[in-house]
Number of protein chains: 4
Amino acid sequence: MTELTTTAAGVFVIAVTPFHPDGRIDMESCDRMVDFYLETGATGLTVLGMMGEAPKLTVDESRDVVARILARVNGRVPVVVGVSAPGFAQIDALTRMVMDIGAAGVMVAPPGGLRTDDQIVAYYHQVAELIGDVPFVLQDFPLATGVQIAASVIARIMNDLPTCVCLKHEDWPGLEKISYLRKDGVLNRRISILCGNGGLFLPEEMARGADGAMTGFAYPEMMARVVADYTTGDIARARDIFDAYLPLARFEQQPGMGLAIRKYTLAKRGVIAHDTLRKPGAALSAHSKAEVDALIDRQEHRLKELS
Amino acid sequence: MTELTTTAAGVFVIAVTPFHPDGRIDMESCDRMVDFYLETGATGLTVLGMMGEAPKLTVDESRDVVARILARVNGRVPVVVGVSAPGFAQIDALTRMVMDIGAAGVMVAPPGGLRTDDQIVAYYHQVAELIGDVPFVLQDFPLATGVQIAASVIARIMNDLPTCVCLKHEDWPGLEKISYLRKDGVLNRRISILCGNGGLFLPEEMARGADGAMTGFAYPEMMARVVADYTTGDIARARDIFDAYLPLARFEQQPGMGLAIRKYTLAKRGVIAHDTLRKPGAALSAHSKAEVDALIDRQEHRLKELS
Amino acid sequence: MTELTTTAAGVFVIAVTPFHPDGRIDMESCDRMVDFYLETGATGLTVLGMMGEAPKLTVDESRDVVARILARVNGRVPVVVGVSAPGFAQIDALTRMVMDIGAAGVMVAPPGGLRTDDQIVAYYHQVAELIGDVPFVLQDFPLATGVQIAASVIARIMNDLPTCVCLKHEDWPGLEKISYLRKDGVLNRRISILCGNGGLFLPEEMARGADGAMTGFAYPEMMARVVADYTTGDIARARDIFDAYLPLARFEQQPGMGLAIRKYTLAKRGVIAHDTLRKPGAALSAHSKAEVDALIDRQEHRLKELS
Amino acid sequence: MTELTTTAAGVFVIAVTPFHPDGRIDMESCDRMVDFYLETGATGLTVLGMMGEAPKLTVDESRDVVARILARVNGRVPVVVGVSAPGFAQIDALTRMVMDIGAAGVMVAPPGGLRTDDQIVAYYHQVAELIGDVPFVLQDFPLATGVQIAASVIARIMNDLPTCVCLKHEDWPGLEKISYLRKDGVLNRRISILCGNGGLFLPEEMARGADGAMTGFAYPEMMARVVADYTTGDIARARDIFDAYLPLARFEQQPGMGLAIRKYTLAKRGVIAHDTLRKPGAALSAHSKAEVDALIDRQEHRLKELS
């Protein structure tokens, strides 16, 4: 088993959950998706992300999906599992289940009712006590959770809790948070910072000191190349690559609708068999599909010019 | 099995979930609680209410609690189970599980993201389709869910969906909604309206046409007497009783803290063995307990004066 | 001029804004209202409260109303003016205007976008710097503002800013906040705590160390008597009085609708000429008016029994 | 005077409010800004936008800014003024003031408390009745207002109210709304649709039937060219131009921080003298300024390649 540590870097792709048109989980597509993500440069995977379709799965289905993905990954990269839930009993049960079958760690977003600094800090203390020595990712995604976490509060949590090894950075705007957490003296150790928001600010995030991305854009190769080029210092090339994918990335980064676009693109790329979303979930209109198609065409053209 | 119908009336007490001090479910207290609720006049029970500690239970625990309560009730009154969840798979699984073991129906609150009228109507259509012929309660509780449902939208849902047999009325203010739904021509049949908010507006709700209460005040006998007296037309006595309990009812109706007050009172009355709340859940301060004690003393004194 | 200080105590009634049926401000009713409030025991007045109709007034009208009320009060009690606004220029302009004509201080609620502790503290620092030596009230009313202020954050603000002399305490539940702020060592001086929420928790608030009420129940004499009896230690009588008014106080304390009920009651008592609310503002239904009438009848009957 | 009509098209630039470093309004920069916007292709201007610094102005300052801009525009293009406010008296007063000095119409966003369809429709009916024959823009910007307006509700408002001549389209995602409103039979006349969100979806919005943009990107020439090219059918060139500006446009479109970036860019371009934001308003960090500089450099390079 690979355990998640503060050295996590690169691209942890947030995996979608593939379904058959009738709503059953498509396990064959799960396998193909895992292979695809790893081939396109994923250094880790994250499953059951809160913004995806995890809440649409029963407990049994959640376990089956995680088990299938872990089996296919077979220890090649760490797999993080989202376990955010309204109550501690659920978080505890899901954490034990997925760690038992080989997950590398879990990810926890704050429940929507938290407001004051102390409430947020207390919540993560309780989570850390609950799950014991399991390493976890703090997900900071105010647009989705409604919870604003100050950079100083993230630092308090990180400094208090050694098992909090990674920040999924997804505030918008959030660049100053990275700079703050990378300042000397703020944290008592260097933790991993992996960024979200569909990769839409990845160049600036890397320049500020992020270690990579943890998000779900349908072209993980973009993120892998941008992270690699920033790591080796080839900033200009990183930005060229980024700009080529940006029109589509921007289009995928539409709240609610983004997952449908991502699944449509993954199906078009042959990664998953169907672009089905489980109910409740809106299908893409023909117009939206045509827009995605046009963006992909232009993107491929632009990438050819660059190569 | 008793099935929930549009004739539901009286007092459906929202049951608490009793725990041992170490956090395990206290099944013996479950039994005693069921007996107590029925002795104090409950005409139904509601379990796994969303504002209680249902989200703190694992799926297995939820089933065990519901099974224990159903066994103890043993068909004497209908038992409604709250099945609100972020995804349909969870709602479906929980609904099937509890109906299989004898629940009378389920209760569904709207998920927090719903905003427009059509979104809300579409959601309940999908729920009704999902759970088939299972009768359900529409829970309208904007303070907790963040979803505002217009009275006309409740009427649309009720008129569209024959399996929606009851409104748990908990808007604040919400009296005009009852009057609207009781107007001639608004609904295509008379549905049951049971009111929440800790019984704090029960006299006015009964006068507007409610059929009773579905809420969790620690003195269900107050609600039973108010409903009975309104039903027989003894308004003055209903109000005397109500007024005697109001100082405590008001105190119990503090968001978040109310459940701790209720459990403290139920433990003090000998109904449940411990006033434990599962984490995360605040304990009552000594000061708060003394305030409850003082309110109960005055309440008993006042009730003696009335009798 | 009377200046607001940390010794503010008793009942600061939140004044309504009386209108003629055609929407013009009713200045004669303003005068009568001032007299009524002072006769029923007000030790201060608060005007342009954010939950009232202040946002429906133009800047010129605001000045005229405040000037009229100040003229009528004529220095007998301090008058606090609500100056909460989206921008500092507006707060500054309104503060200067009302202080120039004799206000005792201003009241500031946090704008809805504030979330983290530091954001809230920074906001009040900026406000205090802006308005200079003008004493101000911090309004803590999460249900209306959406901003949760931790008790420790209130303490930080109070300790940092000598001109912050009073807390308008209106969290729900909020009793533990009073106890916290009254603990030795928390504040660097004793500040005034005046409570809101329509007086619905006034006995418990006084017992916890509050100095009185700042809210708008249509029977200020209830609040004046409860505060006086708590101050002299006659707790039992305070609670008898409180309980007698509670059924109506509870009814008035319905969000949004409460102001219409208050104006209806004040008009019925002959204090203001009309119960008009400016648009947008819902009128009371005949049913609601009858409910208020019935509650007042029972209240008078109960008060007679007590005297 | 130019009056706003349903034929409004092109680019209505949302004007910033220029300040001196000490916080006074910079009227000279106002003039230069107007000239700049018109030279770069603006077909209209919008001032006192709700997301800008309008709430930081006193009523007198608002009038002075609008008057200065109107004087400089001197009838060459229509000027829309944002008049959203918590109360009708304020909306009414501001509307009369700006129409008297030559505004072409006003823009009204829904107040944050509106939830149900009927509440939203009723609000706009009241607004329309209030302002009489003044043409107005309905601003649909849920991310900022918190109010979700269904496409069918926009249609109801447009069909009911002839003076509602334009939709400021700023939902995210919002493309399906444009398609819906452009379907045969939905509206009883063709209204103007101008899009916001910093122009980030302008190509797709034009393809769906929008008439142009109403937003504030610091390079209005991008929007003018995209709109022009879509109008003449040169889609490929429109997309080339759009893509060249997209990295900066994306960066400017960060909530809260975007205005600081915009002002920094406008100052760098020599349009306004200072990038000052009035308090409360965060200054850009040196790091952020360097990021903007780098994006502008790459943008200019890319534009040269295209020409």
Legend entry - Pairs, first over 21 Å from A:Ile296 (Cβ atoms) in segment A:231-258, second surrounded by fewer than 19 Cβ atoms within 10 Å (Cβ to Cβ) and charged (D, E, K, R), C-beta under 9 Å, six or more apart: A:Ala236/D:Arg298
Inset, instruction - Mind listing just one residue for me: the one in segment C:102-135 that is touching a Leu at 6+ places or on another chain (Cβ under 6 Å) and closer than 20 Å to C:Thr46 by Cα and, of those, nearest to the other protein chains (Cβ to nearest Cβ)? - result: C:Ala128
Inset, instruction - Return the total of residues in segment B:181-208 being of a type in the set (Lys, Arg), in contact with a Leu (Cβ under 6 Å, 6 or more places away or on another chain) and away from every other protein chain (no Cβ under 12 Å). - result: 0
Legend entry - Which numbered condition A:Ile178 misses (of (1) more than 14 Å from chain C (Cβ to nearest Cβ); (2) among the aliphatic types (A, V, I, L, M); (3) closer than 26 Å to A:Tyr264 by Cα): (3)
Inset, instruction - Any chance you could count how many residues in segment C:203-235 are among the aliphatic types (A, V, I, L, M) and under 13 Å from the mean Cα position of the chain (by Cα)? - result: 4
Legend entry - Selection count, segment A:178-191, where residues are closer than 20 Å to D:Ala282 by Cβ and surrounded by fewer than 22 Cβ atoms within 10 Å (Cβ to Cβ): 5
Inset, instruction - Return the residue satisfying two criteria in turn: it lies in segment D:26-73 and is among the small types (Gly, Ala, Ser) and not in a loop (DSSP other than H, G, I, E, B), and of such residues it is surrounded by the most Cβ atoms within 10 Å (Cβ to Cβ). - result: D:Gly44
Inset, instruction - Would you mind finding the one in C:Asp117, C:Asp133, C:Asp160, C:Asp140 that is buried (at least 21 other Cβ atoms within 10 Å of the Cβ), more than 20 Å from C:Gly216 (Cα to Cα) and acidic (Asp, Glu)? - result: C:Asp117
Inset, instruction - Determine which single condition D:Asp160 fails, assuming it passes every other condition in (1) within 28 Å of D:Ala224 (Cα to Cα); (2) in contact (Cβ under 8 Å) with a residue 24 or more places away in the chain; (3) more than 14 Å from chain B (Cβ to nearest Cβ). - result: (1)
Inset, instruction - Select from segment C:144-202 the residues that are of a type in the set (Ser, Thr, Tyr) and more than 18 Å from the chain's Cα centre (by Cα) and write down the one among them that is farthest from B:Leu248 (Cα to Cα). - result: C:Thr163
Inset, instruction - Look at D:Leu295 and say whether it is among the hydrophobic types (A, V, I, L, M, F, W, C), in a helix (DSSP H, G or I) and away from chain A (no Cβ under 14 Å). - result: no
Inset, instruction - Can you tell me which residue within segment C:77-91, out of those that are assigned to a helix (DSSP H, G or I) and at the interface with another protein chain (Cβ under 8 Å from one of its Cβ atoms), is nearest to C:Glu61 (Cα to Cα)? - result: C:Gln90
Inset, instruction - May I ask you to say which residue of A:Ile14, A:Ile25 is in contact (Cβ under 8 Å) with a residue 40 or more places away in the chain and within 14 Å of another protein chain (Cβ to nearest Cβ)? - result: A:Ile25
Inset, instruction - State which residue pairs qualify: first residue under 17 Å from D:Ile261 (Cα atoms) and in contact (Cβ under 8 Å) with a residue 24 or more places away in the chain and inside segment D:214-229, second residue of a type in the set (Asp, Glu) and crowded, with 24+ Cβ neighbours inside 10 Å in any location, beta carbons under 7 Å apart, and separation of 6 or more residues or different chains. - result: D:Phe217/D:Glu252; D:Ala218/D:Glu252
Inset, instruction - Go through segment D:240-256 and give me each residue that's under 13 Å from D:Glu291 (Cα atoms) and within 8 Å of another protein chain (Cβ to nearest Cβ). - result: D:Pro247, D:Arg250, D:Phe251
Inset, instruction - Filter segment D:198-219 for residues that are of a type in the set (Asp, Glu) and farther than 23 Å from D:Leu48 by Cα and give the result. - result: D:Glu204, D:Glu205
Inset, instruction - Name, by its number, the condition in (1) surrounded by 21 or more Cβ atoms within 10 Å (Cβ to Cβ); (2) under 21 Å from B:His169 (Cβ atoms); (3) out of contact with any strand residue (DSSP E or B) (no Cβ under 8 Å at 6 or more places or on another chain) that does not hold for B:Gly112. - result: (1)
Inset, instruction - Kindly list the number of the only condition in (1) touching a residue at least 24 places away in the same chain (Cβ under 8 Å); (2) buried (at least 22 other Cβ atoms within 10 Å of the Cβ) that fails for C:Leu303. - result: (2)
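Rule-based calculations on the coordinates, nothing more; no lab input. Nothing here was measured: the structure is a model prediction, and the numbers come from that model. Counting neighbours? That spans all protein chains shown, and the Cβs are built from the backbone with ideal geometry, glycine included.
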